[in-house]
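The values are calculated or read from the model by the stated rules, or taken from the named source; none is laboratory data. This is a predicted model, so every value here is computed, not measured. Every residue, glycine among them, receives a Cβ derived from its backbone with ideal geometry; neighbour counts consider all protein chains shown.
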Amino acid sequence: MAIKEKIEQDLITALKAKEPRLSILRMLKSAIKNDEIAKRTKAGTGEEVSLTDDEAMALLRRQVKQLEDAIADFQKGNRADLVEKTQAEVAIIKAYLPQAMSDAELEALVDSSLQELGEVSAKDSGKIMGAVMKKAGGKADGNKVREMVLKKLGG
């Protein structure tokens, strides 16, 4: 089942049960709709356009990133109530994303990318990161990949 349909189905269930996750599901549905409208406008057609699962996952990752940035700001402002609420929202969104790679799997991916590219230096970290992120297929955090690549390159 597509991510969009899963979110819509869960939204209906949350509405009926009056669950606390209702607001975050509404926000996700709205964000998906906004991206579809932007995609339709960009395509220049008036036809209905739907996001692919990859596009929807990218949208969910952006939402998680925004919320994690907000958590950091809330922590700086000593707002424990908002930190807790936002962490719960992040957990709801992450449930729709694929399971993240373990450190061992990610390290193996970085090592294989380094071997494929041959002799590389710290200046080539962008190339390596691109190759690793492509192979990871959205299952790896970019910051984690960057840290691991720089560690391997001794930078």
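Observations on the model:
- Some residue of the range 86-105 being surrounded by fewer than 16 Cβ atoms within 10 Å (Cβ to Cβ), at negative phi, part of a helix (DSSP H, G or I) and among the hydroxyl-bearing types (Ser, Thr, Tyr): no
- Note on the range 71-85: residues that are of a type in the set (Lys, Arg), in a helix (DSSP H, G or I) and surrounded by 11 or more Cβ atoms within 10 Å (Cβ to Cβ) amount to 1.
- Some residue of the range 111-119 being exposed (fewer than 14 other Cβ atoms within 10 Å of the Cβ), over 19 Å from Arg26 (Cα atoms) and in the same structural domain as Leu25 (by TED's automatic domain parsing): no
- Close pairs (6 angstrom Cβ cut-off, 6 or more residues apart or separate chains): touching a residue at least 40 places away in the same chain (Cβ under 8 Å) in the range 118-138, surrounded by 12 or more Cβ atoms within 10 Å (Cβ to Cβ) anywhere: Gly138/Met57
- Qualifying residue in the range 79-102 (condition: in contact with a Lys or Arg (Cβ under 6 Å, 6 or more places away or on another chain) and either closer than 19 Å to Lys4 by Cβ or of a type in the set (D, E, K, R) (or both)): yes
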